[in-house]
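Report on the following structure.
The values are calculated or read from the model by the stated rules, or taken from the named source; none is laboratory data. Just so you know, these numbers come straight off a predicted model, no measurement behind them. Note: ideal-geometry Cβ built from the backbone for every residue, glycine included; neighbour counts use all protein chains shown. Side chains are part of the model used for accessible areas, which takes the heavy atoms of the whole protein and leaves out ligands, DNA and RNA. Shrake-Rupley method; radii C 1.70, N 1.55, O 1.52, S 1.80 Å.
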Amino acid sequence: VLELESNDGIPAEGIVLEAKVDRGRGVVANVLIRDGSLQPGDFVVAGATWGRVKAMTDDRGKVIKVAGPATPIELLGLAALPSAGDRLFKVTDAKKAQEVAGVSAQQNKVQTVTAPRGLDQFQQFLQSGEQEELQLVVKADVQGSIEALKKSLEDLSTEKVRVKIIHNGVGGITENDVMLAGASNGIIIGFNVRPQGKASLVAKKSAVEIRSYSVIYEALGDVKLAMAGLLAPDLVDKDVGAAEVRET
């Protein structure tokens, strides 16, 4: 009825629907091609990341050689996780891909200041009667969970306190996440993910609070209680050892 048209003879353009890190395959992005055609070996830019297409599969898991307009695909080859909603473009070469991704990354760069505190300290500031801003670093196992958490947490903002997501991403909580939270007076919320490497040690030294959840409503409930000055004592995980998998 709308006489919609597309051209499969031009460089591909699409949109990222979801992204995750697969231990065996690396970054996996679900992409809907909107115009043009995409093939393995093509260089692409998706938001602030780029890569060379290693492989593509359709919605039934079948490997495909060409993805045309209106084709949903699972794409392998990006260097880092894109965000849901990022636009994907085919570019001519690796140099061009790096330039375009670099510009996007610079635009998304976060400016941060001051010192960290936890939800319990946040309660004390709130009870003093001052207007506060609760800054959060949010990490989750998949991009869809990130989007749900971001929207729900930001909707908790009131006239007295504003909830601000200063950084979000898919994957485990890293040292960089801890340093960002520490520098921005923030708290880390992890959903179905845990600290990686030395992140827990760095968080302890920097007095950055990491709260892990497996149910979104539990995370929202704790933030609500902190904003109301009613936060209950938190259960603390204590590491007693570590193991490294050498072979599988």
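Key figures for this structure:
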read-out: Sites matching trypsin sites (Lys or Arg not before Pro) across segment 1-44 that sit in DSSP coil, with at most 13 neighbouring C-beta atoms within 10 Å; value: 23, 25
read-out: Listed residue (67, 16, 28) projecting farthest to the positive dipole end of the chain, Cβ model; value: 28
read-out: Segment residue 242-residue 192, length gained on full extension (0.36 nm per residue, minus Cα span); value: 16.1 nm
read-out: Computed lengthening from residue 3 to residue 65, 0.36 nm per intervening residue step minus Cα-Cα distance; value: 19.6 nm
read-out: Within the chain, longest stretch clear of exposed GluC sites (Glu not before Pro) (DSSP loop, no more than 10 other Cβ within 10 Å); value: 6-129
read-out: Gain upon complete extension [residue 52, residue 25; 0.36 nm per residue less C-alpha separation]; value: 8.3 nm
read-out: Entries in 151/204; 20/54; 198/238; 65/96; 204/224; 151/224 that, when Cα-Cα distance is taken, lie over 19 Å; value: 151/204; 65/96; 204/224
read-out: Rounded percent of accessible protein surface that carbon and sulfur make up, the chain, 1.4 Å probe; value: 50 percent
read-out: Residue 216-residue 93 pseudo-label distance in nm [points 7 Å out on the Cα-to-Cβ vector]; value: 4.4 nm
read-out: Fluctuation leader among 161, 28, 44 - the chain, Gaussian network, Cα springs under 10 angstrom; value: 161
read-out: Net charge dipole size for the chain [Lys, Arg +1 and Asp, Glu -1 on Cβ; Debye, nearest 20]; value: 620 debye
read-out: Solvent-accessible area per residue for segment 1-90 (1.4 angstrom probe, square angstrom); value: 56 Å²
read-out: In Å, descending, principal axis extents of the Cα set of the chain; value: 63, 52, 33
